[in-house]
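Each remark here refers to the structure printed beneath this line.
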Amino acid sequence: MADDNKYYVLKKKAVPEVLLKVVEAKRLIETGKAMSVQEAADITGISRSSFYKYKDDIFPFHDDARGKTITFVLQMDDEPGLLSGVLKLIAEFNANILTIHQTIPVNSMATLTISIEVGPNTKDVSEMIDAIESKDGVHYIKILARE
């Protein structure tokens, strides 16, 4: 049963709807928009048993990311200014860049490994990842580690 404690990072589109509804129900309770589990379950359209079954196993990525180091790899075109644009995005989200390692570009493609520190003023990390991924010239970004 050692596998019960493994963690995975998934994109929202890969998460079953019931789990997303559990996250929403938890948010409703935390913000006071629902006064009970039953009310939150009714609003989100899940059963109380589903809420209790998954409530301790699903949470938004950014909820406990503060004070953490996140390392991700991205592949992008070897174009002047593209890396600068990615670093600017990271700065705009108030994340602290710890390390950057870029391989020598091959076939006009560069692979980078970037480690950032998520501080108390850092904006939503998942939005930052989405913003980087949507930049022209960035082919993919994957989270390697979160410490």
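Here is how the numbers come out for the structure above:
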read-out: Region 10-147 - charge dipole about Cα centre, Lys and Arg +1 at Cβ, Asp and Glu -1, debye rounded to 20; value: 400 debye
read-out: Computed over region 90-147, Kirkwood Rh from alpha-carbon pairs, angstrom; value: 12.5 Å
read-out: Estimated [θ] at 222 nm from DSSP helical runs (n ≥ 4, -39500 (n - 2.57)) normalised by residues in the chain, nearest 500; value: -10000 deg cm²/dmol
read-out: Among 131, 20, 36 the positive-end extreme of the charge dipole of region 1-140 (Cβ point charges); value: 36
read-out: Label-point separation in nm, residue 104 to residue 24, each point 7 Å along Cα→Cβ; value: 5.1 nm
read-out: Karplus-derived HN-Hα couplings along region 102-117 (A = 6.51, B = -1.76, C = 1.60, θ = phi - 60°), whole Hz, x at Gly and Pro; value: 10, 6, 5, x, 10, 6, 6, 10, 10, 10, 10, 10, 10, 10, 10, 9
read-out: Residues with amide H under 5 Å from that of residue 34, placed H, sequence gap 5 or more; value: 29
read-out: Under-16-angstrom lysine pairs by C-alpha in region 16-127, whenever the two are 8 or more apart or on separate chains; value: 7
read-out: Burial ranking of peptide ranges 122-130, 33-41, 105-113 (average Cβ count within 10 Å, highest at the top); value: 122-130, 33-41, 105-113
read-out: Residue 52 accessible area, assembled protein chains, probe 1.4 Å, Å²; value: 110 Å²
read-out: Accessible carbon and sulfur surface of region 22-144 relative to its total accessible area, %, 1.4 Å; value: 50 percent
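The values are calculated or read from the model by the stated rules, or taken from the named source; none is laboratory data. Please read all numbers here as calculations on a predicted model, not as lab measurements. Please note: Cβ atoms are built from the backbone with ideal geometry, for glycine as well, and neighbour counts cover all protein chains shown. Remember, those area values only see protein heavy atoms, side chains included, never the ligands or the DNA or RNA. Shrake-Rupley method; radii C 1.70, N 1.55, O 1.52, S 1.80 Å.
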